[in-house]
Amino acid sequence: MKQNRKTEVIAGLSQTDLEQVAKLPFFSHVSAEHLEHLFKDTSVSTYPHTGLLFNHNDPAEHIYILLEGMVTISLYHEDGSQAVIETILPVRTFAEAAAFLRGHYPATAEYSAGSKIITIPMALFLSRLETSPQTAFSILGSLALRERELSAQLDTLKLHTPSQRLIQYFLEHIPEDVNGAHTLSLPLDKGTMAKKLGITPESLSRLLARLSEHGITNTRKAVQITNVAELRSHLDASKKKNRSGG
């Protein structure tokens with residue numbers, strides 16, 4: 001999907017920006033001295049309007065860190081429909097795996113209005129990592145974990161039904177020790193949530209209506225679940241049915 005990149009405001013990293021970066025799992029074992037070295041001369045862009053950060057199959061030449069706003073990682077089908085793989089919220093790194101592999105971005109990234117994003121040139125980043133093997137090993141460990149998470153998300157999108165994806169999305173945002181009734185405030189608006197699930201907003205509305213038989217009702221910004229334990233059991237049973245071909 002091609003869009004024009006929007007006007008941006010570019011600045012250097014502030015001390016506050018660097019402190020936020022230091023808290024990320026990707027950089028949590030990097031010393032303050034090495035972190036400052038890694039991010040020397042790195043820029044921060046603030047985008048006043050929505051726009052495209054990179055396209056599917058663009059050369060993966062940068063790693064990004066979202067400080068403010070939201071970034072949507074999607075695949076676009078030939079018919080123009082959008083399947084959201086992941087919604088990035090602050091503060092998060094993204095596009096690490098593709099950049100380290102020196103390949104191409106496997107999906108499209110679009111930012112919301114007001115997003116603040118650090119752009120890290122991969123060539124410069126790698127050259128600075130060469131001076132600190134310990135930092136490199138730490139970052140590679142975090143990268144491997146991130147790759148497993150993304151693979152699991154892609155498997156969910158490909159292998160599960162829309163109903164299963166929706167229930168799983170709800171359960172991922174409910175603490176594991178909750179088993180009875182629960183009210184879940186939706187972290188995303190329903191339009192974005194539909195894209196994340198790979199369905200249309202109309203399909204999401206129909207799914208929510210059908211899930212009432214499993215004790216789920218919804219308002220504009222929340223869902224009420226009558227029995228979380230029963231919902232987990234229903235999801236497990238439906239996945240087993242899929243695997244058995246029933």
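A compact table of results
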| read-out | value |
| --- | --- |
| Fewest-first sequence of Val223, Val84 by Cβ atoms within 10 Å of each Cβ | Val223, Val84 |
| Pair-distance profile P(r), taking every C-alpha pair of region 162-244, with 10 angstrom steps and integer % | 17, 55, 27, 1 |
| Mean projected area in nm² (Cα convex hull; one quarter of hull surface) for region 39-131 | 6.1 |
| Sorted by Cβ neighbour density within 10 Å, fewest at the top, the residues Ile117, Ile10, Ile85, Ile65 | Ile10, Ile85, Ile117, Ile65 |
| Of Lys116/Lys240; Lys23/Lys239; Lys40/Lys221; Lys196/Lys240; Lys116/Lys239; Lys40/Lys190, pairs whose Cα-Cα distance is over 31 Å | Lys116/Lys240; Lys23/Lys239; Lys40/Lys221; Lys116/Lys239; Lys40/Lys190 |
| Label point distance in nm, Ala229-Ser43, each placed 7 Å from Cα along Cα→Cβ | 5.6 |
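Read-outs throughout are calculated quantities, based only on the coordinates presented, and are distinct from any laboratory measurement. Every value quoted in this text rests on a predicted model; they were computed, and no experiment measured them. As a convention, Cβ positions derive from the backbone with ideal geometry for all residues, glycine included, and neighbour counts pool all protein chains shown.
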